[in-house]
Amino acid sequence: MADVLTRCEELITDVDFNSVKAWKESHQGGKVIGYFPVYAPVEIIHASGALPISIHGAGDRLDLQYADSRFGSFICSICKTTLELGLTNRLRDFDGLLFTSICDVARNLCFVMKRNFPSMYVDFIHLPHNCPSDAAAEFLAADYDRVRWELQKLTGRRADDDALRHSIEVYNINRSLTADLYALRSREPHLLSTYELYLLVRAGDLMPVEEHNQLLTEARERMERPARPRDSIRVVIEGAFCEQPPLDLIKLIEAAGCYIVEDDFTLGRRWFRHAVPTEGDPLRALAEAYVKDAVYSSVRHDGERSRVDGLIEKVRRNKADAVLSFIAKFCEPAYFDYVLFKREMERVGIPHLLLEFEEKLFTFDRAQMEIETFVESLLFV
Amino acid sequence: MKTEYRGNIHQRQKELMTSWYARLESAQAVAMMISGNCVELLEAFGLVPFYPEINALQLAIRHQSLEPILVAEEMGYAADNCAYVKADVGAWLKGITPTGHPLPRPALVLCNFVGCNTYVKWFEHTAEFTGAPLYVLDVPFLRGDEPTEAAVTYVVKQLQEVIARLETISGIRFDIDRLREATGYAAETEELWSKIKRLCQNTPAPFDAYFDAITLMGPLYVYRATREGVEFFRAAYEEIAQKVARHEGVYDDERFRIVVEGPPPYSHFRNFRDMFAKWKAVAVASTYSTVGGLWEFGFRHDPDHPLESIARHMLEHNVTNRNYLQRYDQIERYVREWNADAIVIHFVKSCRLFSAGQGDMRDYFTKERDVPTLYIESDLEDPRYFSEAQIKNRVDAFFEALEHRKLAGSRLPVAGNR
Ligand code: SF4
Ligand code: SF4
């Protein structure tokens, strides 16, 4: 297992995307499409014959030389490091970039990328904010169709319905394997740490889905190992759905006495509640699934109070003791939701702690102290 | 220095806005956002638009914004949340209003989500705190030059859903002729407003298209689709056109013509304006004056296709739903057609819709278009982020260099733009 985890960690921290380069070398003429979090319809990219790769900025692996002045103060780090990846020529193996309507920053970034990298295919999908409306799925399916056409121009291959159904199937398997591991961790958090789970799942952002399915299957088989539960509180992590925290910070939270039993790291990989249907019109099925069957998220409006109720339900379902609001600095969607979450958690009596992070956070003393104090207050008081 | 334009229209604008506030107390109000607003639809039902943004900016202008912002932060809002939202929520919960009169509990919170993702959050919170029902009208962002047909259909279908809600609220059946009348008035107002803006192509510019335009924007958003609105803008046009005929400008000896990008710092509106007045620098055009609608390039509401034209207005003809590069083009057209010397970018901490990426914008204009560009940072609502001395220094340094460049008649680099 250790070797698998090491490989995953190498993939995640490689800001030169050597794995993408290798894929291109072994796939003559193959195209690579990078997509920005939180969610993207990867099935369409896959069915067009391209390799979808999720770009989550550059973590703490890149110093900002150019991007800082383009984006100014008060802007989250993932946007800046993503632009920096481009400006330092690290996205050279990417043929296209996809962004979606998650927030104003990501949206403007899309067009700044478009201006700075004119030879790339850069597109923006408007994911609907009016999910209760009957018109939403129809619109989204049409937008997906537009993207299918754009991808066809790029790859020369049309994502026809059969190809799409196949891709949906492969990704359904991926989501189901991921869900199994999440369920295992929630049930027996001493058997699978979040740090390990995180590496396993996030590695899927950077490799072909078929390979990732195999990796998850093997990891699951090798996971039976004796381990003893320790004194920890069960927490749900909420708010880290886009920019990702430094890996060490995840370790630290666990070491400080938390079993993380549910989280929203790389949320897009677990976006649907059920398998996406493979019958009927596949684009419509993907659109319907987005509109009607997605997990709640701070980057989408899907009806009144759905997120507040969603969080409380999540806490109950996972028998969590507390919520850790774990928010990337300057991430406005997360900050806004925190206000309503906090209000409701206080109303129903769920203990919670707010912790901010940045991609580049090198001293964790304060975070450690806050988490330890919080854990102690729950364990021993 | 007294610089703003004070004619009859100023007085009339005050009367209109006072009577709007009074109507808010008696009639049924629908909360809506300024950007790409669909006030025509409300007008067809005799419902009054209520704009929390106007509320928030009035609080800032009257130096009343900090208290409600602190109330909101106390509740858990972050230092980095849009301060418009914080001021509005804090003020609602504490009963602080710019007029001293209570604000209405909206009959419907209609989130005309146009470009700004914060709108969705803001109105979710408004609905939560006021207990009013919420409808999020989702307007797909403009990716290409024009909206896709699917996007237009999607918005029209949602407008029909909104109509059903408005029928219930008002107890009035939807009458397409009333909507045609409202869009007809809107088209007339838009024509006059565009002509007013074009008057700033004259030298000297007769009014400031940033600071003075804000005075006209209240009636534009509240009264656009009414006869009163048309009359107001006709009178305004005539009054300003007469100024042009008399060769009167904001500054008769105008020295610099600028295009301003970004919202103003309302908490220090006067001081900020004075910094430019000192240099007799007049804004001949601004992007902020196009948040509610971008009409100077020809779009009008269409009484023959009222719903579709409302949809197109929301999708395509307002700066907030247009993509970032289209904003570069808009500014570029202003520089060229309004004959400007420079661009002033005001980075507003609260507003990522406007600000995220403005460094790239500056890079583009200075490096690729050779247009001198001043970049300053503060906030539109939160007084704590206005560093007066620092901003003033930058403004002075910029215009000094610009003056030098003008005198030299050359394309010297301008200090202060980096
Ligand atoms: S971290 Fe938050 S603010 Fe930044 S791009 Fe992601 S969702 Fe937007
Ligand atoms: S983010 Fe900008 S556009 Fe959006 S509500 Fe705040 S000030 Fe207005």
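The values are calculated or read from the model by the stated rules, or taken from the named source; none is laboratory data. Since the model is a prediction, treat every value here as computed from it, not as a measurement. Here Cβ is always computed from backbone atoms with ideal geometry, including for glycine, and neighbour counts include all displayed protein chains. Calculation scope for accessible area: heavy atoms of the full protein, side chains included, ligands and nucleic acids excluded. Shrake-Rupley method; radii C 1.70, N 1.55, O 1.52, S 1.80 Å.
Some values worked out for this structure:
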{"quantity": "Every residue from region A:100-120 that is in contact with a strand residue (DSSP E or B) (Cβ under 9 Å, 6 or more places away or on another chain) and within 9 Å of ligand 1 (Cβ to nearest atom)", "calculated": "A:A106, A:R107, A:L109"}
{"quantity": "Some residue of region A:223-234 being under 18 Å from A:L11 (Cα atoms), away from ligand 1 (no atom under 16 Å from the Cβ) and either in contact (Cβ under 8 Å) with a residue 40 or more places away in the chain or buried (at least 22 other Cβ atoms within 10 Å of the Cβ) (or both)", "calculated": "no"}
{"quantity": "Residue that is farthest from the other protein chains (Cβ to nearest Cβ) [pool: residues in region B:113-140 that are open to solvent by 10 Å² or more (accessible area, probe 1.4 Å) and assigned to a loop (DSSP other than H, G, I, E, B)]", "calculated": "B:G131"}
{"quantity": "Qualifying residue in region B:165-186 (condition: part of a helix (DSSP H, G or I), within 14 Å of chain A (Cβ to nearest Cβ) and either of a type outside the set (F, W, Y) or surrounded by fewer than 19 Cβ atoms within 10 Å (Cβ to Cβ) (or both))", "calculated": "yes"}
{"quantity": "Test: residue in region A:168-178 that is more than 10 Å from chain B (Cβ to nearest Cβ), over 22 Å from A:S48 (Cα atoms) and in contact with a Ser or Thr (Cβ under 9 Å, 6 or more places away or on another chain)", "calculated": "yes"}
{"quantity": "Residues (more than 12 Å from ligand 2 (Cβ to nearest atom) and hydrophobic (A, V, I, L, M, F, W, C)) located in region B:115-129", "calculated": "B:A127, B:F129"}
{"quantity": "Some residue of region A:71-92 being open to solvent by less than 30 Å² (accessible area, probe 1.4 Å), under 24 Å from A:A159 (Cβ atoms) and not acidic (D, E)", "calculated": "yes"}
{"quantity": "Residues within region B:313-326 that are open to solvent by 10 Å² or more (accessible area, probe 1.4 Å) and assigned to a helix (DSSP H, G or I), tallied", "calculated": "3"}
{"quantity": "Of the criteria (1) surrounded by 24 or more Cβ atoms within 10 Å (Cβ to Cβ); (2) more than 8 Å from chain B (Cβ to nearest Cβ); (3) more than 16 Å from ligand 2 (Cβ to nearest atom), which one A:A106 fails", "calculated": "(3)"}
{"quantity": "Residues satisfying the stated conditions in region B:277-290, i.e. open to solvent by less than 10 Å² (accessible area, probe 1.4 Å) and either touching a Cys at 6+ places or on another chain (Cβ under 9 Å) or not in a strand (DSSP E or B) (or both)", "calculated": "B:A277, B:V282, B:A283, B:V284, B:A285, B:T287, B:S289, B:T290"}
{"quantity": "Residues of region B:85-98 satisfying the condition of being away from chain A (no Cβ under 12 Å) and open to solvent by less than 20 Å² (accessible area, probe 1.4 Å)", "calculated": "B:A87, B:D88, B:A91, B:T97, B:P98"}
{"quantity": "All positions within region B:327-369 that are within 16 Å of ligand 2 (Cβ to nearest atom), open to solvent by less than 20 Å² (accessible area, probe 1.4 Å), in contact (Cβ under 8 Å) with a residue 40 or more places away in the chain and not in a helix (DSSP H, G or I)", "calculated": "B:I345, B:H346, B:F347, B:V348, B:K349, B:S350"}
